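Report on the structure given below.
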Amino acid sequence: MKRWLAALTTPLAGAKSFAGAKSLAGEKLSGYLFVAGLLLLLTLLQLFQDDLLPQLRLELAQGLLQSETQGTNHRVDVRFCQPWRLFTAHWLHANWSHFLLNIGSLIAALSLFPEMTRLSRLLPPLLLCPIAVSLGLVLFDTSNQWYIGYSGAFYGLLTCAAVQLFGRNPFAPFVLLFVIAKIGWEQTLGPLQSSSELMPGQIAIQAHLYGAICGVPLGLLSRFILAKSSSEA
């Protein structure tokens, strides 16, 4: 009887395993296509950066912009009237060097953590870290005039990946040590000279800090969800 049951269940288990592997491969392919599309979009945004910058950057100098409506000048708080800036500011860069540095860092991070190319893992930090960094800057760093660039959100993505995959990816501990050391250096000794040439130094290092802080709970939450899914499978 046991032999009959084993003969019946083995093909079903094999089919289920094949279907799972096929689904995982499809999700990874979707992730790679999404990343390729994102890189293309960022390149297009950089090409038209001069035209888009006034409408998309994050305004921090009391959140105010001069505006004209029906021939009268008035000042509006763009932090509340134009909330899209909390997200869009992170996809523009000050110049091509700034752009290439951040894009290269993103590609390197996804090479170290190929698991993050799955959309279910990539989208949460990709969407939430920019908003978290912007809120941190708006609330605590209004002495600066404006902010653009992906580096703050990138630190969130990097930290999220390292926390989520700690013990599962051999690079995770080293990446966490790098993030801790880099942010510790910036908070105590100031930004590296190469970084300060791309963006005002103080605002850049605060963005890195807020991004890393956001990445920790996101990584822990993702780790918990993955562990729960594995136990139920």
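Stretching the chain fully between ALA181 and SER97 yields a gain of 27.9 nm (0.36 nm per residue, less the alpha carbon separation). Extension gain for the segment SER30 to ASP141, taken as residue separation times 0.36 nm less the Cα-Cα distance, is 36.2 nm to one decimal. The gain in end-to-end length when the ASP51 to PHE87 segment is fully stretched comes to 11.2 nm, 0.36 nm per residue minus the alpha carbon separation.
Put simply, the amide H of LEU92, placed in the peptide plane, has neighbours under 5 Å in GLY149, leaving out anything fewer than 5 places away on its chain.
A simple count of charges around VAL35, restricted to other residues whose Cβ falls under 15 Å of its Cβ and scoring Lys, Arg +1 and Asp, Glu -1, yields +1. Taking a Cβ cut-off of under 14 Å around ARG121, the surrounding Lys, Arg, Asp and Glu residues balance to a net charge of +2, with basic ones at +1 and acidic ones at -1.
Taken together, the values in this text are just the output of simple stated rules run on the coordinates, not laboratory data. Computed from a predicted model, the values in this text were never measured in an experiment. Backbone-built Cβ (ideal geometry, glycine too); neighbour counts: all protein chains shown.
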